[in-house]
Each structure stands twice: as structure tokens, then as C-alpha cells.
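Everything below concerns the one structure shown next.
The values are calculated or read from the model by the stated rules, or taken from the named source; none is laboratory data. Note that the structure is predicted; figures quoted are calculated from it, not measured. FYI the Cβ positions are ideal-geometry reconstructions off the backbone, even for glycines, and counts take in every protein chain you see.
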Amino acid sequence: MIIFRALIQNIDSHLKNSIMKKIFTFFSLLFIYNLAIAQDACNNYWSAISPDGNHIYFSSDRDGGKFEIYRVDIDGSSNPVRLTNDDTVDKLYPAISYDGSLIVFQYGNYGSTAEVYIMNNDGTNLTQLTDNGVYDGYPNFSPDGTKIVFDAWDNTDYPEIFTMNIDGTDRIQLTNETGAYWQSAPIYNPSGTKIIMSKGFNADNHFVQMDLDGSNRVDITPYNDPLSDMDSGLHFNADGSKIAFYTNEYAGGYNTGCDIVTADADGLNWIPLTHSTYKDCYAFPFFHPTNGKIYYSFNPGGTGTWSIYKMDLDGSNPEKISTCTSVGIDENFDLSKKLIYPNPAKSTLNIDFEGEFSLEIYDLTARLVLKSKTKKTDISQLKQGIYMVSLKDSNERVIKVEKLVKSE
């Protein structure tokens, strides 16, 4: 009888453990599923590849609110780092110096808030370069690292092309067009001998090449009928022999979608790499320096979220590589850091997290049993057993989920 009772207790113990494991697994998957849903609802776009080919710099709103500048390994997901962090305006169009040490970007959207900022490639030494109460944006470095070319509205109704030193001095206006012409999105060629800009009447844009002083302008892509086609987002490959850009030439005109095209550096021999359906937008292509890939941004239907993809140079093997993993409030936030301790815990649970947060503790039936916002949380009233802990930041982003053992 004693042996039978012990056997029943042993079976009962295994059954309890099995049930608890299933509940724990379900609860964990529920947290992961909810986090995955949140992770799909973010934008990642404008990928720029470091000269060594190891990192991608891009803009994302993955941590809620405004677009910030991030860095991630070339696979698109490993070791994400948030480089800007004031959550006041969007940070757009990051460009990398040719030696890889500096990042320049547009701080703010079109309007008087947009200025040009520069920082080290790890986000340190953030410095404002322009401050004149009008739009300055879309900056790019010269190959020798001494100049920045950008577009701006100074005393004009439409943007013109400017250059300045990398410390913001010696601002020089290169173009000065009359009428409703846009001069925007300038970039140096790899040899540093020419500047290519996107020029258009209202919404129409095509590429124009000019000397460093703004003279001797030559069309690189043909002039299009007003409000019909647009060429934008030009980038050179490493040796300067090819360009990639996006256009709505093949999608049917203005606001119908856009595709990525490669061509010779002189604008000849177009090869479309993507084939958009209505309002799909394949945009912002960037040649990888060594691996034979083009990285780009894609927005399905024009109303979805932007994601970063890569593809072969002929447009084959497209692959989404960006995620929406939250990096956290701190720029170099370490997700492997031990944030909740001790574990097991008897009476007090400590939280090692800077900034505002909320701690939620659930039992294995998914019932919320305790919520706290203090770094030392009294858990003495909880019964002995296993719980799930969720740590969230001030924006309700899940930072950590883990099992907690409450001891006696």
C-alpha cells in the first residue's frame, strides 16, 4: 500500500510538472507572440553600408515615436545599436564618411526644424552643423572627407544645392534656379570630381551631373514630362562604374509605385531589377562594397511599413533582413544584461534598469499578481512557486521576460 501510494504521488508529481511545463511554455509563447506582433509594426528604411561592409546604418521608428539612427550587423538583425536618442524629431538619411568614422544625417523633416548633424559612427560627439531656421537636409560626404553636400531652402521657394566643410563652415550655394524647380538629394561621385543631384519641375525628377562649383551641368537620366516620372535615391558602386536608383518609369508615372534600376555611370543601359505592382515602392538602393548585393527599402502598396531587403545585382534572391527588435532606451543597451535579480528570490526583487519602467509579475494561469515601478520590489506576499516576470520601459516596450522562482 505504501509503495502504491508513493507510485501514485510520483505519477501525480510528474503530471503536475508536465502541466506546469505546458503552462509555462504557453505563457512564454504568448509573450513572444505579442512581442512579435509589435515587432512587425515598425519602419526600417534608408540603409547605408559601412565601407568595410560589416554594418548597416538606417532610420527606424522601432522604439516608438520618431525615427532614430541605428546600426546593425550586415545580416540586418544582430547587435542592434541605437545611435540617436532624443525622441523629438525624425533623424533621416544617414550617410557614412568614406573612412567609416563619421555619420552625417538630416535632423527633422522638411521645414524649419530640419538641420544637418554629424556624429561619430558609435553615436558619440553629436554636433549640429547648420542652424539657420530653414530646411537643410539630405547630406552626403565628399570622398576625401573634407566636404558635405546637401540641399537647402535659404532665400528660395524650392531647395538648392549647397556644400560646406565638415565642421559646418564655408557654406556655399551651387545652384540657383528660378521657377518651381527642385534641386535635391546631392551626392559626390566616388572620385570626388562631380556632384550628381536630382532635379525636377514640381514632382518630376531626373539626375543632373555638375562640376564641384555647380557649372557644366549634364543630364544623366532624361528629362521627364512634368508630374509623370521620378528618378531619385542614386548610389554608386565601389569603382564608380555603375549607379543604382529608384524610378516610377515602369510603374506608370507619379504616385503609382517605384522600382530599382541599375545603369552605367553615364546613365545609359538601364536594367530594372524589381517589378512593382500598384503602388509598391522599391527604393533607396545601396551597393554593398564587396558581397555582390544591393540593399534597399521596400514598402508594399505604398501604405505598408518600410523594411530593409537585400538582393543580387541582377535583382534575384530578394530577402528581407530587417527586424523590429527593440534596443531599449540606452543607445548601447545590452539585452543580455542581468536586469532582474536575485532569482530565485525570497522577499525582494531588484531591478537594474535606468529610466522609468514597470514590472509585472504573472502566475502560471497568466493572472497579474503584482505590478511595481520601484527598483526594489517586495515580493514577500507571493506564495512559493514559479512566476513569469515582464519588464517594460516607459513606452511599454518589453525589455525582458523571464521565469521567476519565488522561494520561502
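Output the number of residues of the range 47-90 satisfying the condition of being of a type in the set (D, E, K, R) and assigned to a strand (DSSP E or B).
The qualifying residues number 4.
Given the condition of a type in the set (A, V, I, L, M), within 28 Å of the chain's Cα centre (by Cα), at pLDDT 90 or above and on the phi < 0 side of the Ramachandran plot, answer yes or no: does some residue in the range 242-255 qualify?
Within the range 242-255 (the criterion being of a type in the set (A, V, I, L, M), within 28 Å of the chain's Cα centre (by Cα), at pLDDT 90 or above and on the phi < 0 side of the Ramachandran plot), the answer is yes, since at least one residue qualifies.
Of all the strands (runs of 3 or more DSSP E) wholly in the range 176-281, which have at least 1 residues that are under 23 Å from Pro139 (Cβ atoms) and of a type in the set (Ser, Thr, Tyr)?
181-188, 195-201, 231-236, 242-247
Residue by residue through the range 88-116, note down the ones that are crowded, with 21+ Cβ neighbours inside 10 Å, free of Cβ contacts under 8 Å to residues at least 40 places away in the same chain and over 17 Å from the mean Cα position of the chain (by Cα).
Within the range 88-116, Ala114, Glu115 qualify.
Looking at Tyr93, Tyr117, Tyr98, can you tell me which residue is among the aromatic types (Phe, Trp, Tyr) and assigned to a loop (DSSP other than H, G, I, E, B)?
Answer to the check: Tyr98.
Looking at the range 163-218 only, could you name the residues that are touching a residue at least 24 places away in the same chain (Cβ under 8 Å) and at positive phi?
Result: Gly168, Ala185, Gly192, Asn202, Gly214.
Counting only residues that are out of contact with any strand residue (DSSP E or B) (no Cβ under 6 Å at 6 or more places or on another chain), more than 13 Å from Glu177 (Cβ to Cβ) and surrounded by 19 or more Cβ atoms within 10 Å (Cβ to Cβ), how many does the range 189-216 have?
The number of residues fulfilling the criteria is 1.
When both residues are 6+ apart or on different chains and their Cβ atoms are under 9 Å apart, which pairs have a first residue that lies in the range 55-70 and is outside the structural domain of Val104 (by TED's automatic domain parsing), and a second that is surrounded by 22 or more Cβ atoms within 10 Å (Cβ to Cβ) and of a type in the set (A, V, I, L, M)?
Close Cβ pairs satisfying both conditions: none exist.
Looking at (1) within 30 Å of Asn85 (Cα to Cα); (2) surrounded by fewer than 18 Cβ atoms within 10 Å (Cβ to Cβ), which one does Lys403 not meet, given that it meets all the others?
All conditions pass for Lys403, except number (1).
From Gly304, Gly267, Gly292, which residue is out of contact with any strand residue (DSSP E or B) (no Cβ under 7 Å at 6 or more places or on another chain) and assigned by TED's automatic domain parsing to the domain that holds Ser142?
On the way: Gly267 fails: out of contact with any strand residue (DSSP E or B) (no Cβ under 7 Å at 6 or more places or on another chain); Gly292 fails: out of contact with any strand residue (DSSP E or B) (no Cβ under 7 Å at 6 or more places or on another chain).
Just a single option satisfies the conditions, and that option is Gly304.
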